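Undergrad: Quick one: the structure is below, questions incoming.
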Amino acid sequence: EEDLFLVSGVGNRSYTFNTTSKTFTDVTVGDSLGITPFSGIKTETNWFFSTTTGNIVRIDRSTFESELIRVPYNEAVEATFRPVLIDEDASGNYIVFLVHFRPGSNVLSESFLFDPDSKTFNRLDAGLPENTIGLSIPAISDYQPGIIWMRLDNGIFRLNLLTGQTSTFFQSDLGVISEGSGYIFEDAEGFLWMANPSAIMKLDPVTESITYFETDPGSAPTTFITTYRISNGDLLFIGTGGYIRFNPADLQMEEPIQNIHVTELSAGAGMYSTLYAENDSYEIESSDNNLSFSYLGLNYRDPAFTRYRYRIDGYDDDWNTVG
């Protein structure tokens, strides 16, 4: 296997890593390049890396000579920082996506097709909607041409850079979406993966359902900080004390726990039977405004690890977690 090239955005350290001898060698590629771990592409002669400065970094794979390539963005846009995403999409297009994070995290974007041989940019018309707040760095799909996913303040945003078509998902789960940490990635089956501080989440854009994977109590990592995807499709969920690595294609899903039972229902001074047919309903007076439920989920596999989430449609649409 060929050597790996590693760059540290902090301290501007860079290395080659020999995959046979498992040894590192320091190399010099230039100072203050601002390389970020967002994404990058590899051609026959060069690497191209993302930055947060509105530039792309080119590094020669033989000589390690470096060059800053300025993305032709609109300089009139005021921004606190400008992360640049460069990646190859599912059709082999090299896409450059620049986000202007303006004061207050309000975002604008510009997108381009990039020719690594001539180092030229071809502007695309598609971009993020105006007056939205960005919650993450965007991610380019490895499986659908021209598709970008990004967490915004109004949900998970899907943008087709080649056609301009847009969609927004999980608008009823903004509490969950806003708690996400790190990046969001798409797998080969179209599911999205992200983490919040305490769990890994699998999101289905078709049904807009969310599956939670929580770590065992007391095991590391205790808190998830960020997420990365590597070239073989594996996802890394990195956190305090360690990381979790898996390939979504190899994941064996257990059936969710069924039979959530409401054991008690009360409204005002009234108590209601919880043993009713599926089509039955109760009419409760508006004056009986002290509404409470008791519920139970049967989990013989690991009772101590059972967690509950609830929401009240039309009143409290965000999911609330209880012990």
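The values are calculated or read from the model by the stated rules, or taken from the named source; none is laboratory data. Note that the coordinates shown come from a computational prediction; the quantities given were computed from them, not determined experimentally. As a convention, Cβ positions derive from the backbone with ideal geometry for all residues, glycine included, and neighbour counts pool all protein chains shown.
Undergrad: Go over the candidates GLY175, GLY180 one by one and state the one that is of a type in the set (Gly, Ala, Ser), buried (at least 19 other Cβ atoms within 10 Å of the Cβ) and under 21 Å from ARG307 (Cα atoms).
TA: Among GLY175, GLY180, only GLY180 is of a type in the set (Gly, Ala, Ser), buried (at least 19 other Cβ atoms within 10 Å of the Cβ) and under 21 Å from ARG307 (Cα atoms).
Undergrad: Next question, about the same structure. Kindly establish whether SER66 is within 18 Å of the chain's Cα centre (by Cα), surrounded by 18 or more Cβ atoms within 10 Å (Cβ to Cβ) and not assigned by TED's automatic domain parsing to the domain that holds GLY146.
TA: When the stated conditions are applied, SER66 does not pass them.
Undergrad: Moving on to the next point. Here are some conditions: (1) in contact with a Phe, Trp or Tyr (Cβ under 8 Å, 6 or more places away or on another chain); (2) modelled with pLDDT of 85 or more; (3) more than 22 Å from GLY134 (Cβ to Cβ). LEU192 meets all but one. Which one does it not meet?
TA: Tallying (1) in contact with a Phe, Trp or Tyr (Cβ under 8 Å, 6 or more places away or on another chain); (2) modelled with pLDDT of 85 or more; (3) more than 22 Å from GLY134 (Cβ to Cβ), LEU192 fails exactly one: (3).
Undergrad: Restricting the search to the stretch 55-75, which residues are part of a loop (DSSP other than H, G, I, E, B) and touching a residue at least 40 places away in the same chain (Cβ under 8 Å)?
TA: ARG61, PHE64, VAL71, PRO72
Undergrad: Does at least one position in the stretch 126-136 carry a residue that is loosely packed, with under 13 Cβ neighbours inside 10 Å, modelled with pLDDT under 85 and farther than 22 Å from PHE5 by Cα?
TA: yes
Undergrad: Surrounded by fewer than 20 Cβ atoms within 10 Å (Cβ to Cβ) and touching a strand residue (DSSP E or B) at 6+ places or on another chain (Cβ under 7 Å): is that true of GLU189 in this structure?
TA: Here the answer is no, as GLU189 does not meet what is asked.
Undergrad: Report yes if some residue within the stretch 153-164 is surrounded by fewer than 15 Cβ atoms within 10 Å (Cβ to Cβ) and not assigned by TED's automatic domain parsing to the domain that holds ARG123; otherwise report no.
TA: Within the stretch 153-164 (the criterion being surrounded by fewer than 15 Cβ atoms within 10 Å (Cβ to Cβ) and not assigned by TED's automatic domain parsing to the domain that holds ARG123), the answer is no, since none of the residues qualifies.
Undergrad: Testing GLY92 on (1) of a type outside the set (S, T, N, Q); (2) modelled with pLDDT under 85; (3) surrounded by fewer than 13 Cβ atoms within 10 Å (Cβ to Cβ), one condition comes back false. Which one is that?
TA: (2)
Undergrad: What residue, among those in the stretch 237-271 that are more than 23 Å from THR227 (Cβ to Cβ), in a strand (DSSP E or B) and of a type outside the set (A, V, I, L, M), is modelled with the lowest pLDDT?
TA: Top of the filtered list is HIS261.
Undergrad: Just wondering, is there one or more residues in the stretch 76-85 that are small (Gly, Ala, Ser) and assigned to a loop (DSSP other than H, G, I, E, B)?
TA: Yes, the stretch 76-85 has at least one match.
Undergrad: Looking only at the stretch 191-227, how many residues end up being out of contact with any Pro (no Cβ under 7 Å at 6 or more places or on another chain) and in a strand (DSSP E or B)?
TA: Qualifying residue count for the region: 18.
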